[in-house]
């Protein structure tokens, strides 16, 4: 009986296995098939002209600064200007008591007259002795001594003239005048104050505010790139030799007068690794004052065939290198290391690594990896972004 039951179970098991196998062969539960190409959105790179600018923070500085100091000592008799007003070069600012200097000048003038009189007498006497020595009326030794006395009188006249000139200079120095034209600040002394020659404290400070300097800082590494881009932009854009500078005020508004980049400092700050760039800007209405914080937008020139990619397509690898995903000719994904430039609107300038006509993946990046076959969908180019890239504003951020 037990043997019959075991045989029945074996037959039932075999029948059940055959049924399951047949069901699989008939396609009731097929194995999963391999997936097709992944759909991704791409942009096809096209070169386009881009007007490049860079914005850097900076501060304004006076075009000229002159500290007014006395060159002779004395009591201030008058202050002849209004604090905060405009003064002209040569304008009288302070009057120092000239009494002692006038007396010294008069004394030097009298000493010169005396020396000239003695020189005239010695000259006549020397002329007579030249005649007398020919007739042997006087000895040659006497004639030589008279000639020497005349020449000494001539030297005394020269010394008296120099003393008179020195006295005249000191007398003139009692009139403290403006060395440059500009706006004068507050006065550190009033009438009755005693001042001395070559004192450390200035009587007042004059600043020329039109034009005005704008000093900005740039890292030494980026300065080399800036010089190359300015040179390349000038070569492509025409005969312009100096970069145009637009000043942005603290409230974000654009200053109406533009300037030009004048020079860069010849040394690098060892602490910060930066170099100072100086621009000169017209300031006829004196809206800008020294020490104001501004941003300078420096024109780099025109890049005729720039490659721009959407910022969303840029990622970074474990080494911090910028990279993009591109679709190669075999319609598979390829990882590409790129060197990026500055941000321009919603796009990033590519300095190296991509060429015109290549397809860069901008959407669907999370579904792909290198070597995966893809089906591309062309993404429409934003016309407004293109206009921004062609010449409006660019940020100063730089990614390498």
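The values are calculated or read from the model by the stated rules, or taken from the named source; none is laboratory data. Please read all numbers here as calculations on a predicted model, not as lab measurements. No Cβ is skipped: glycine too gets one built from the backbone with ideal geometry, and neighbour counts run over all protein chains shown.
State which residue is nearest to residue 357 (Cα to Cα) when the search covers only region 288-319 and only residues that are over 20 Å from the mean Cα position of the chain (by Cα) and assigned to a loop (DSSP other than H, G, I, E, B).
Filtering region 288-319 for residues that are over 20 Å from the mean Cα position of the chain (by Cα) and assigned to a loop (DSSP other than H, G, I, E, B), the one nearest to residue 357 (Cα to Cα) comes out as 314.
Which residue, of 155, 148, 122, is under 30 Å from residue 108 (Cβ atoms), buried (at least 16 other Cβ atoms within 10 Å of the Cβ) and in the same structural domain as residue 108 (by TED's automatic domain parsing)?
After ruling out the rest, the residue left standing is 122.
Just the residues that are surrounded by 14 or more Cβ atoms within 10 Å (Cβ to Cβ) and closer than 29 Å to residue 203 by Cα, please, taken from region 95-114.
95, 96, 97, 98, 100, 101, 102, 104, 105
For region 164-176, does any single residue satisfy the condition of being touching a strand residue (DSSP E or B) at 6+ places or on another chain (Cβ under 6 Å) and assigned to a strand (DSSP E or B)?
There is at least one residue in region 164-176 that is touching a strand residue (DSSP E or B) at 6+ places or on another chain (Cβ under 6 Å) and assigned to a strand (DSSP E or B).
Run down 178, 165, 193 and say which single residue is buried (at least 18 other Cβ atoms within 10 Å of the Cβ), closer than 24 Å to residue 73 by Cβ and not assigned by TED's automatic domain parsing to the domain that holds residue 263.
Sole residue among the options that is buried (at least 18 other Cβ atoms within 10 Å of the Cβ), closer than 24 Å to residue 73 by Cβ and not assigned by TED's automatic domain parsing to the domain that holds residue 263: 178.
What about residue 364, is it modelled with pLDDT of 85 or more and either surrounded by 14 or more Cβ atoms within 10 Å (Cβ to Cβ) or under 27 Å from residue 321 (Cβ atoms) (or both)?
So residue 364 does not fit the description; no.
Which one of 63, 81 is touching a residue at least 40 places away in the same chain (Cβ under 8 Å) and assigned to a strand (DSSP E or B)?
Step by step, each of 63, 81 is checked, and only 63 is touching a residue at least 40 places away in the same chain (Cβ under 8 Å) and assigned to a strand (DSSP E or B).
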